[in-house]
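What follows is one structure encoded as structure tokens, with my remarks underneath.
The values are calculated or read from the model by the stated rules, or taken from the named source; none is laboratory data. No experiment lies behind these values; they were computed from the predicted model shown. Cβ: placed from backbone, ideal geometry, glycine included. Neighbour counts: every protein chain shown. Note: areas computed on protein heavy atoms with side chains; ligands, DNA, RNA excluded. Shrake-Rupley method; radii C 1.70, N 1.55, O 1.52, S 1.80 Å.
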Amino acid sequence: MLTKNQMADYWRDGYVLIEDAVPAGVLKNLQSVTVDLIEQSKEVTTHNEIYDLDKSHSKNNPRLNRIKTPHLVHQVYQDYLRSDALLDLIQPLLGPHIRMNNSKLNTKAAQGGAPVEWHQDWAFYPHTNDDLLAVGVMLSDIGEDDGPLQMIPGSHKEPVLSHFNNGVFCGAINPDNPAARLNDAVSITGKAGSLSLHHVRTTHGSAPNLGANPRLLLLYELASADAWPIGGALSSFTGMTQQELWSTFNDNMVCGEQSITPRLTEVPVLMPVPPPDDASSIFQTQSSGGAKSAFVKTDLA
Ligand SMILES: O=C(O)CCC(=O)C(=O)O
């Protein structure tokens, strides 16, 4: 269960870190399946439905940005999502009816794995209300040098900032924008088995991984069931038929009841269009959209 203080932290700062959140046996399974999946990427030479590759990926040295939609790749990721250990932490924030929009496992490669430029998830997928959050489960120890998630406290209560470059959605805030308050950044570090919860409007990003091991962060993007994505946004639902969307929505219910009565609140919405050339992941959106980097380039990799 979230404590009262943890809930207060979340609503005040737009994120909270919970240590020792994942039961030891579950953590071990998540880690071993993840290591196997990275190993299996050796045979892969271009981005595909499962893998987003780091620039220096090779057969001898598998280096990934991401395992896409891990919940579709292995049951272990579904089981943890639907476990009481996780639901007890998210229901106090999202209510009893929760849908997962997407999952991803960002495996920032050792010694140079790519940064994620500063952004608010909301800019990618505005909904009818903003009762959405992302769970970030640390599957490896994550210290300051490992490219931890960084958050800007209180940004979830501030305006949604431009994520455009030359009129094209680039999925990143220009680091020169003073409204981003990047000097206020706080790193979310912790031991494997810790997790963070961040509000959909909280500004966050992460630097390259300078550490000796891949930084493994499993992300679940969750929504109250009555928060419906606004059509036309870049999202995991883009391109689905109505039937596919309905069955995906039902498959992705984590707990409680499906809703066909979206709750409409006064939320700031700016549609993420026109899209960049490649919007297949945040990494490709930011690079093909020409996002200006906030992070010092590294040539370690
Ligand atoms: O993996 C990270 O450091 C950031 C992930 C993130 O914000 C995203 O994928 O939207």
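Each row is one residue, and each column tells you yes or no for (1) farther than 23 Å from PHE169 by Cα; (2) in contact (Cβ under 8 Å) with a residue 40 or more places away in the chain.
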site: SER206; (1), (2): no, yes
site: LEU218; (1), (2): yes, yes
site: GLU221; (1), (2): no, yes
site: TRP228; (1), (2): no, yes
site: ASP251; (1), (2): yes, no
site: PRO272; (1), (2): no, yes
site: ASP278; (1), (2): no, no
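Could you count how many residues in segment 119-131 are more than 9 Å from the ligand (Cβ to nearest atom), in contact with a helix residue (DSSP H, G or I) (Cβ under 8 Å, 6 or more places away or on another chain) and open to solvent by less than 20 Å² (accessible area, probe 1.4 Å)?
1
If we scan segment 169-184, do we find a residue that is part of a strand (DSSP E or B) and out of contact with any strand residue (DSSP E or B) (no Cβ under 8 Å at 6 or more places or on another chain)?
yes
Out of (1) within 30 Å of ILE152 (Cβ to Cβ); (2) more than 17 Å from the chain's Cα centre (by Cα), what's the single condition that is false for ARG99?
ARG99 satisfies every listed condition except (2).
Would you please name the residue that is most open to solvent (accessible area, probe 1.4 Å), looking only at residues in segment 188-204 that are away from the ligand (no atom under 11 Å from the Cβ) and closer than 27 Å to SER56 by Cβ?
THR189
Quick one: which of ALA172, ALA207 is open to solvent by 20 Å² or more (accessible area, probe 1.4 Å), within 15 Å of the ligand (Cβ to nearest atom) and in contact with a Phe, Trp or Tyr (Cβ under 8 Å, 6 or more places away or on another chain)?
Numbers: ALA172 fails: open to solvent by 20 Å² or more (accessible area, probe 1.4 Å).
After ruling out the rest, the residue left standing is ALA207.
For segment 273-283, indicate whether the set of residues that are of a type outside the set (Val, Ile, Thr), within 15 Å of the ligand (Cβ to nearest atom) and part of a helix (DSSP H, G or I) is non-empty.
Checked segment 273-283: at least one residue is of a type outside the set (Val, Ile, Thr), within 15 Å of the ligand (Cβ to nearest atom) and part of a helix (DSSP H, G or I).
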